Amino acid sequence: MKTQITRRASLACFAAAPFAVPSLEATVDRAANGYVDVRKVRLWENTRKEFRESLEGGVLKAVIVPTGSTEQHNEHLAMIHDTASVTLVAELGALRVYPQVLVATPVSVGISPHWMDRKGTLSLKKETFLAVVYDICESLKTHGVANILVLNGHGGNAAPLQEAMPEFRRKLGINVQFNCYWDAYSPEIIRKYMESNKAPGHAAEFETSFAMAAFPERIHWEGVDYEKAKSSLHIKSPESARQEEQFAREAKLATTAKGEAMLAIAVDWLAGRLQRLIAGA
Ligand SMILES: [Zn+2]
């Protein structure tokens, strides 16, 4: 039985969290676990005593390191979208295997040089980004964490992280794995739920649906009107401008129900992935 905590009550819990998503993250399977405050799976909300005792008592088996971005998401989505979405999936997945997995502080700026012609995007150089992720993994290893899942929510981070994994594993000597949360979506799932037949995409049907389900307060619908916005955008490349128009068109296909379905699929997939991670795979 799923129990939905009231928005007001959950907001009180999450006031201090930078990537809080009040409406969904308080949904916990009461029948299986009882209510677990989502802050319990956030490493940064734990005390050192809680962390130490969980690790030394053999309770804590793995840590997720979420990686996202702070980058333009067209006119209508907040720039924290990728970080907020991957962190939400990570937290809900960790709750499903509570108390065996914690979520580390998200890496909230990623590799986004391709969006630097849109105002607001923050970007790290590939080597800076990889060094930050590596140092977080090394910190966890130093404390005795044996299993790490780097869980990514931004396309530009994916290939560099994937390529870096063998070196991370070799240098750290522990089980470090990498996935994007959209690895949950087979072509059949994407066909079934996305009219555009695309996921993840960028600020289009998938991400807008996700935001509608997870954090609707981060959507500014008037921004989906591309015709109105285009003269103020100053996009230099014609191809990039065409792409932008297409994203805006596809964003109009978004619905809350699609977002809820895709989020639930990602969390189910992650719960299974975490079980395998704990087992060393
Ligand atoms: Zn995105």
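The values are calculated or read from the model by the stated rules, or taken from the named source; none is laboratory data. No experiment lies behind these values; they were computed from the predicted model shown. Because the Cβ atoms are built from the backbone with ideal geometry, glycine has one as well, and the counts that use them run over all protein chains shown.
Filtered by the rule that a residue be over 22 Å from Leu77 (Cβ atoms) and either surrounded by 17 or more Cβ atoms within 10 Å (Cβ to Cβ) or not acidic (Asp, Glu) (or both), the stretch 237-269 gives Pro238, Trp269.
Yes/no per residue for (1) at pLDDT 95 or above; (2) crowded, with 21+ Cβ neighbours inside 10 Å; (3) under 19 Å from the mean Cα position of the chain (by Cα); (4) not hydroxyl-bearing (Ser, Thr, Tyr):
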| site | (1), (2), (3), (4) |
| --- | --- |
| Ala31 | no, no, no, yes |
| Val36 | no, no, no, yes |
| Val41 | yes, yes, yes, yes |
| Gly58 | yes, no, no, yes |
| Val97 | yes, no, yes, yes |
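For the stretch 146-167: of the residues being more than 14 Å from the ligand (Cβ to nearest atom) and closer than 21 Å to Glu207 by Cα, which is nearest to the chain's Cα centre (by Cα)? Taking the candidates together, the pick is Leu151. Note on the stretch 173-230: residues that are among the basic types (Lys, Arg) and within 13 Å of the ligand (Cβ to nearest atom) total 2. Can you pull out every residue in the stretch 72-90 that is modelled with pLDDT under 95, near the ligand (Cβ under 10 Å from one of its atoms) and assigned to a loop (DSSP other than H, G, I, E, B)? Selection gives Gln72, Asn74.
Residues in the stretch 188-215 that are surrounded by fewer than 20 Cβ atoms within 10 Å (Cβ to Cβ) and in contact with a Gly (Cβ under 9 Å, 6 or more places away or on another chain): 1 in all. Given the residues Val63, Val59, which is the only one that is touching a strand residue (DSSP E or B) at 6+ places or on another chain (Cβ under 9 Å) and either more than 30 Å from Ala241 (Cα to Cα) or more than 16 Å from the ligand (Cβ to nearest atom) (or both)? Unique residue meeting the criteria: Val63. Listed conditions (1) surrounded by fewer than 20 Cβ atoms within 10 Å (Cβ to Cβ); (2) within 16 Å of the ligand (Cβ to nearest atom) are all met by Arg170, apart from (2). Condition first: touching a helix residue (DSSP H, G or I) at 6+ places or on another chain (Cβ under 8 Å) and surrounded by fewer than 24 Cβ atoms within 10 Å (Cβ to Cβ). Now tell me which residues in the stretch 77-86 satisfy that. Correct list: Ala78, Ile80. Of the listed requirements (1) in contact with a strand residue (DSSP E or B) (Cβ under 8 Å, 6 or more places away or on another chain); (2) assigned to a helix (DSSP H, G or I); (3) farther than 20 Å from Ser69 by Cα, Ala158 misses just one: (3).
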